[in-house]
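The values are calculated or read from the model by the stated rules, or taken from the named source; none is laboratory data. Since the structure is predicted, the reported quantities are computational estimates derived from the model, not experimental observations. Every residue, glycine among them, receives a Cβ derived from its backbone with ideal geometry; neighbour counts consider all protein chains shown.
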Amino acid sequence: MDTQDEQAVRAMTASADALTVDAQGRVRIKDELLAHVEVKSRVVLVGTLTRIELWSEEHFDMALPAVSALAETAFYGGY
């Protein structure tokens, strides 16, 4: 990667946090991250092959219909 790519990756991962699991299998998500994704009450965790995305339930519901058509074409378009 060149310097500009490295800086972009650093900017995207600067707020990354190592999570630990408690005895009941729960993780604590920082208040700052919850505020950044505008969580009001419920969180949606989405596995995206190489990472886990954190969404507020409201924003995920708004984004899902647009993504669904793309996923349908990507996975089933050739069949």
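Filter the stretch 9-27 for residues that are over 23 Å from His59 (Cβ atoms) and assigned to a helix (DSSP H, G or I) and give the result. Step through it out loud before you land on a result.
Step one: list which residues in the stretch 9-27 are over 23 Å from His59 (Cβ atoms), which gives 9-10, 18, 20-25.
Across the stretch 9-27, the qualifying residues are Val9, Arg10.
Under 7 Å between Cβ atoms, which residue pairs at least 6 apart in sequence (or on different chains) link something in the stretch 14-41 that is on the phi > 0 side of the Ramachandran plot with a partner that is not in a loop (DSSP other than H, G, I, E, B)?
Glu38/Ser56; Glu38/His59
Counting only residues that are polar (S, T, N, Q) and in a loop (DSSP other than H, G, I, E, B), which one in the stretch 28-79 is modelled with the highest pLDDT? Step through it out loud before you land on a result.
Step one: of the stretch 28-79, the residues polar (S, T, N, Q) are 41, 48, 50, 56, 68, 73.
Then drop every residue that is not in a loop (DSSP other than H, G, I, E, B), which leaves 41, 48, 50.
Working: Ser41: 89, Thr48: 82, Thr50: 84.
Only one residue tops the list, namely Ser41.
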